[in-house]
Structure formats: C-alpha cells, structure tokens
Amino acid sequence: MLSHPTHRLRALFVSLLLALALPACGDDDSGDDADGTADAGTDLGGSMGEDGGTPDDDGGTPDDGGADVDGGTDDALPEWVGGVNLAGAEFGDTYPGTHFTDYIYPSNDHAQHFIDLGMEVFRVPFRWRRMQHEVYGELEESELALMKRLVDHITSQERYVILDLHDYARRSGEIIGTDALPNDTLADFWSRMAQEFGDNEYVWFGIMNEPYGIAATQWLSAANDTIAAIREAGATNAILVPGVRWTGAHSWYSGGDGSNAAVMGGVVDPGDNLIFELHQYLDPDSSGSDHYACVSETIGSERLVAVTGWLREHGYRGLLGEVAGGDNDVCEAAIVDMMDYMQANQDAWMGFTWWAAGPWWGDYPFSLAPDGEGNPAPQSAWLAPYL
C-alpha cells in the first residue's frame, strides 16, 4: 500500500492552512511526494489506523499489576517525561527547499514557551533528503546548524530532544530494503547523526516516523542494522524504534504472524538503551484526521491495553510519540483517561509527546502553539498534571 486517503486529506488541509496563514510561503502545497504518500511534513496527526480503533481480539489483556521489569530499557532513562512535537522542519515536499519558505525549524522562543510550561521532552521532526542530500553522502552543514541551534537551546536546560526522521520508511519514492534503498543507507545516515549528537545524553534518536507499506520482518532487519550502526559509532543515546502500520498502538497485534507483536520482539540493541515509539489517536479510525471526534471518554486507555501487555511481557517501555484530541469535553476526558492509564503502568510507559506545536499551524485543532498574545492552547491545561 503506497497511499492512504487520510494522508491526502491531511495534506489538503495543511495546504489550505498555509495558503491562508502564510501567503508568502512558496510552493509548500505542491502535492504528494513521488512515492504516493502525502507530504510527510504536513502531518496532521500521524497514526493511520487502517484497521479501526480497538485492539484485535488476539491482542491480549495485560496484567495491570505493574510488574517491575527492566528488559531493553536503560536504567538511566527518566521514569516519566511529557512534552510536544515541535513540527516544521518536516514540512514541504521541495528538496532541499528553503528555510522559512518551504519548511521551518521552530525558534528558541517557541520552544521556551513549552519549557516554561514544564515540558521535558521535545520531538523534532525533520527530513532525510534535507539533512543528507545523497545517500552515503556527508550531512549538510547548514541543516545541521539549524537543528543544533534548537537542540542546544533545549538540552542546555536539561530537557530531552527526540530527533525524528519523519519519512515513513521511504526516500525519493523507494522503500527501505529495496535494491534502490538498502538497509545500509539508513544505517549510514544514523551513524553520521550519532557522530554529531552522540556526546549529548539529552538527545534521543527516533530512527523513523511511522513506517508503513513495509513488512514487519523487513523493518526489523533495517532497524537492527541501524541500531548496530549507531552503537558502532560510539553513541550510547536512547534509540526510539517504531513498528509498522504507522506504529499504531491499537494495531500492534494486527497482521497475524506479520504483526508488530509477533516480529518486533526481535529487536537487538547492544547498548541496551531502547524505547518503543507508539502513536495513538482517538477518532474512529485512529488516524487523527477527524480533528474533533473522540470515540468515548475511555477510548484512550482501551487502545493502549494490548500493547501495554506486550511491552511488559518483553521488558520494554513505550513512549507515545504522537497523541492528540480536539478541544471538547469528550476528548479532554479521553486524554486524561489515557494519561492516567500510562502513569498507572509506568513499568510499560515512560511518557508522551503531543502532536503538535510549531509556528506554522494556524488554527489547526490539535496545535498547542500559543496565541498571538502568548496564551497557551486550551489542551495545555489537560496535560499540565502529567508534566
């Protein structure tokens, strides 16, 4: 599967937003990438739940007794962190594109707003083809400088940054693991990033956003090669590994023998500092495309139950890398229910990053960006007790 209707809807929605809010922003609405996916940078809530909202019947119900396991997660990791995606560097489908026209790294002041709210972790999406113009090539110094400016500002205050390669297991229309894009292209990229950021313990490596249209076994092979390359580069940083099917928590058991549950337990980290990244939205198809609909006040916890059991069984902890809800009473209750559930199961969960913030969202319903007078978005109050 090379496309999904919610990708196209999301891309259209953001194109309209940018046309209204940023009339001088160039060709940011120039259409789908060559691989048939919508602009990954204009991700309006990413977990494309193609198989509906609730976990499959074979997902299992974990024992919520909170068994203390250590497995693949390093003891040095924080017990709990809450934060937000600082989006913008993944916007646009022009490569390399022009900063401030096709894409943008949020400013230090924008990040500081959320630091001042008490947020402790910031997921920073960016694009492979901008950071490394040619596979196996050198990283682009100008792009690194933009990233490091933001990373240094956040981590100097002892907050964490997740560097999120926001490319859906693709590059230039090719899927990782094909002859045109073998595993070692991704491994090479992250080896180079590890050399740049490996000396900063507050930087975590999110090796890929939402792989889809790729077999779990192939993704596992690529992920293990990438993890090995990061460790061979000498970096001990935490690594976030997603599953396939847009790494949806609700669909972790979907696919039988090819499911994430059946395959991703084979991940290997020589550094024993691994986090599983899950995404979960609360609308009927778990895609996040229905910005105001949350199925019920308890749908948040319900969609996490099965994968919580899997994490506990395998001795890993998960971070909810994308989650959001529209500003209404049902969504507020559902988010609170989800956060309470994760905190009650901290042997399996270590936190979340809300989707999303950044200066170019306009009136996007999930945006946590402050208004023109610096006032926080309404959903910020929902998250405050969990920071």
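Coordinate-derived values only; no laboratory data. Since this is a predicted model, take the numbers as computed values, not measurements. Please note: Cβ atoms are built from the backbone with ideal geometry, for glycine as well, and neighbour counts cover all protein chains shown.
Under 20 Å from the mean Cα position of the chain (by Cα) and farther than 19 Å from Met119 by Cα, is that true of Tyr386? When the stated conditions are applied, Tyr386 does not pass them.
One residue stands out among those in region 107-138 that are in a loop (DSSP other than H, G, I, E, B) and buried (at least 17 other Cβ atoms within 10 Å of the Cβ): the one that is nearest to the chain's Cα centre (by Cα), which is Arg127. Do you know which of the residues in region 210-239 that are crowded, with 24+ Cβ neighbours inside 10 Å and not in a loop (DSSP other than H, G, I, E, B) is nearest to the chain's Cα centre (by Cα)? Top of the filtered list is Ile239. In the set (1) out of contact with any strand residue (DSSP E or B) (no Cβ under 7 Å at 6 or more places or on another chain); (2) aromatic (Phe, Trp, Tyr); (3) outside any helix (DSSP H, G or I), Trp310 fails one condition alone, (3).
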